[in-house]
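Asks: Attaching a single structure in structure tokens format; questions to follow.
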Amino acid sequence: MWERSFDARLHSWATLRSQIQTVSLDQALAGINQWWFRSPWTAYYLHWDDIEKWPDPWQLLEDNMFCSVARGLGILYTIVLIDRPDLQSAELLEVGGDNLVVIHGEKYILNWDRDQIVNINLTAKPGRRRISQQQLKKRIQ
């Protein structure tokens with residue numbers, strides 16, 4: 001269940017980040033993906049054309065509106081803030097109308113399915129737009 005208040009969402013998100021520090025990579029990614037898929041769905045909130053105006057992670061949680069782009073951004077922010085050595089190559093990509101978080105050269109794909117970390121062939125659908133983990137780190141430091 002998604003937390004109703006900002007303080008409760010913030011606490012739940014902090015707990016998630018703490019818990020996934022010590023589990024396997026697969027468990028960490030599944031936990032992140034499932035946590036963000038609990039967020040309330042909104043058809044349109046963020047758009048790639050407004051990338052410079054995207055909210056920081058705390059504002060994203062406070063706004064509490066999650067389209068596919070916003071949920072992917074939340075997933076990527078989570079990866080950025082936990083800063084695990086085995087999670088240093090994450091990107092948010094716009095791919096054929098989907099907004100996917102890819103890790104380790106598309107070995108792991110989040111924001112596709114609630115219950116699975118999938119590995120699909122994206123080479124047939126090259127990403128049009130992207131933002132990397134390193135770019136997000138610069139924005140929130």
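Asks: Collect the residues in segment 85-100 that are assigned to a loop (DSSP other than H, G, I, E, B) and either free of Cβ contacts under 8 Å to residues at least 24 places away in the same chain or under 23 Å from GLN59 (Cα atoms) (or both), keeping them in residue-number order.
Replies: Listed by number, the residues that qualify are PRO85, ALA90, GLY97.
Asks: Right, another one. Being among the charged types (D, E, K, R) and under 12 Å from SER132 (Cα atoms) is the filter here, so list the residues in segment 70-93 that pass it.
Replies: GLU91
Asks: Can you say whether TYR45 is hydroxyl-bearing (Ser, Thr, Tyr), crowded, with 16+ Cβ neighbours inside 10 Å, in contact with a strand residue (DSSP E or B) (Cβ under 7 Å, 6 or more places away or on another chain) and modelled with pLDDT of 90 or more, as far as the supplied structure shows?
Replies: When the stated conditions are applied, TYR45 passes them.
Asks: Now for a separate question. Answer yes or no as to whether ILE75 is touching a Ser or Thr at 6+ places or on another chain (Cβ under 6 Å), closer than 14 Å to ILE103 by Cα and among the aliphatic types (A, V, I, L, M).
Replies: no
Asks: Of the numbered conditions (1) farther than 25 Å from GLN59 by Cβ; (2) surrounded by 15 or more Cβ atoms within 10 Å (Cβ to Cβ); (3) of a type outside the set (Lys, Arg); (4) modelled with pLDDT of 75 or more, ILE103 satisfies every one except a single condition; which is it?
Replies: The failed condition is (1).
The values are calculated or read from the model by the stated rules, or taken from the named source; none is laboratory data. None of these values were measured; they are calculated from a predicted model. Note that each Cβ is placed from the backbone with ideal geometry, even for glycine, and that neighbours are counted across all protein chains shown.
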